[in-house]
């Protein structure tokens, strides 16, 4: 799949529509941590997430059918749908929802935002990919920012289990992102979005039945957070992401992840009143610069051989 651009393209091959889509995705994606924190305060995390995926899947498939789409996907699309549904929905979001019982939304969003750094690091360590100097600098900065924040939070008594779940979740999100290219080509995009929701719903329903005692404390905060999470991060953000990757490619689309640390902590501070220390502010700034450096390094044409 080739990256798309037009005569109005801006630097790095982006156009105004792509920029708007990227900003919208980053904002909605970052807000999911705050809404999840509200949900798990009044409901069982895995059961509520399974129900959210089921409803999102129903809505997504209904919209897809109304648009004339079908579930005759290509083998690559089916594979990507299953892997994305398992890694992002069941593992990544499932672990994050569980961790949100013990860690703040801002910390969870910071850990998840390190995904572009994990991808670059995995490419260097596992696949022997050569790092450009800018990418190497970005990795050093990004992980330094994470270490700064984590050391301060651990000293303050943050829950270690919750942090560990967030780290495993971020690794699963890395795998899911590497698979997204197979889902963004071949049509039936909204159908894919709906079907991968069902994958998460089924897996989490089984895990919830085996591990949870389901409880719900009804409240207006819970209702609003659940509806928002079902429609915005659940359906809209996923559709925007797949569409953005199809428009400009996975590498350029991933550049917008550099906004997630800032958006994540800002939304948590505004909506939940979570306090941020000086180390958090400095760490988020360093991580943001590091992620941007890693992504920008991929836009530079390779040197002539």
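The values are calculated or read from the model by the stated rules, or taken from the named source; none is laboratory data. Treat the numbers as computed from the prediction; the structure is a model and nothing was measured. Using ideal geometry, Cβ is built from the backbone for each residue, glycine included, and neighbour counts are taken over all protein chains shown.
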Would region 49-63 turn up any residue that is outside any helix (DSSP H, G or I) and modelled with pLDDT of 90 or more? no
Mind checking whether some residue in region 91-100 is in contact with a helix residue (DSSP H, G or I) (Cβ under 8 Å, 6 or more places away or on another chain), over 25 Å from residue 61 (Cα atoms) and part of a loop (DSSP other than H, G, I, E, B)? yes
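Residues of region 153-165 being assigned to a helix (DSSP H, G or I) and under 18 Å from residue 279 (Cα atoms), which ones? Steps first, please.
Residues of region 153-165 that are assigned to a helix (DSSP H, G or I), as a first pass: 153-155, 160-165.
Those that are assigned to a helix (DSSP H, G or I) and under 18 Å from residue 279 (Cα atoms): 153, 154, 155, 163.
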Could we say that residue 208 is surrounded by 20 or more Cβ atoms within 10 Å (Cβ to Cβ), in contact (Cβ under 8 Å) with a residue 60 or more places away in the chain and over 21 Å from the mean Cα position of the chain (by Cα) here? yes
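Considering only residues that are at pLDDT below 85 and either assigned to a helix (DSSP H, G or I) or buried (at least 21 other Cβ atoms within 10 Å of the Cβ) (or both), which ones fall in region 257-276?
Restricting attention to region 257-276, the residues satisfying the condition of being at pLDDT below 85 are 257-258, 275-276.
Answer for region 257-276, where residues must be at pLDDT below 85 and either assigned to a helix (DSSP H, G or I) or buried (at least 21 other Cβ atoms within 10 Å of the Cβ) (or both): 257, 258.
One line per residue, one yes/no per condition, for (1) assigned to a helix (DSSP H, G or I); (2) within 24 Å of residue 281 (Cα to Cα); (3) under 18 Å from the mean Cα position of the chain (by Cα); (4) modelled with pLDDT of 85 or more:
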| site | (1), (2), (3), (4) |
| --- | --- |
| 127 | no, no, no, no |
| 130 | no, no, no, no |
| 145 | yes, yes, no, yes |
| 167 | yes, yes, yes, yes |
Which residues, counting only those in region 50-65, are buried (at least 18 other Cβ atoms within 10 Å of the Cβ) and closer than 8 Å to residue 191 by Cα? 60, 61, 64
